[in-house]
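Step one of this worksheet: look at the structure below.
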Amino acid sequence: MDLNQLDERLKADCEACASLCCVALAFDKSPVFPFDKASGEACRNLEDCGKCRIHADLATTGYMGCVQFHCNGAGPIVTRDLFSGSSWQTQPHLLRPMMEAFWVFLRLQEQVLLLRHAANLPLPESKQKELHAFLEELCPEDGWSWDKFEALDHARVSARVKDWLASLRDVLA
């Protein structure tokens, strides 16, 4: 996979997302969030249209946690690819499956990000081939579908990527 394409897949695109971070993620009142919010509860700043009413002022209104958060493209993948642009906001029955897929893709996209960084290392050819095999598995050329998502053993691939990344210590030492 071309690294520029990979960088595109890792971009957060709030316009292509169903505000999943604003509903799926929980947070506690702290220096970076001004109130408690449970997972599955829409943020009080989320408007009915799906936009954050204070987005331009997040940093100055106590929401540095939102400013610092990056989904690495998980939200758009779930919304656009798995749910074909549908949203829990207009179809409330989608809330639970969208949140569950979002949580999985947050982890998967973190793995992709780590692999993206590993692609910059001076890896031997065998490790480069393994890297590209992981990227092909985690970034299907024609995008994600619900069937591909259900067929992927998320925990297994994450464990394999973690072990592979740890193996780089021996190769690069």
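See the values below:
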read-out	value
Any hit, the stretch 102-109, residues being in a helix (DSSP H, G or I), more than 14 Å from Ala24 (Cβ to Cβ) and in contact with a His (Cβ under 8 Å, 6 or more places away or on another chain)	yes
Flag if Ala159 is surrounded by fewer than 15 Cβ atoms within 10 Å (Cβ to Cβ), more than 30 Å from Phe27 (Cα to Cα) and free of Cβ contacts under 8 Å to residues at least 12 places away in the same chain	no
Filter result (touching a residue at least 40 places away in the same chain (Cβ under 8 Å) and not β-branched (Val, Ile, Thr)) within the stretch 73-84	Gly73, Ala74, Gly75, Pro76, Arg80, Asp81, Leu82, Phe83
Members of the stretch 1-22 that are charged (D, E, K, R) and loosely packed, with under 15 Cβ neighbours inside 10 Å	Asp2, Asp7, Glu8, Lys11, Asp13, Glu15
Candidates Arg107, Arg96, filtered to the one that is charged (D, E, K, R), modelled with pLDDT of 95 or more and more than 13 Å from the chain's Cα centre (by Cα)	Arg96
Residue within the stretch 111-119 that is of a type outside the set (A, V, I, L, M, F, W, C), modelled with pLDDT of 95 or more and under 12 Å from the mean Cα position of the chain (by Cα) present	yes
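The values are calculated or read from the model by the stated rules, or taken from the named source; none is laboratory data. These numbers were taken from a predicted model, which means no experiment stands behind them. Reconstructed Cβ throughout: ideal geometry from the backbone, glycine too, with neighbour counts over all protein chains shown.
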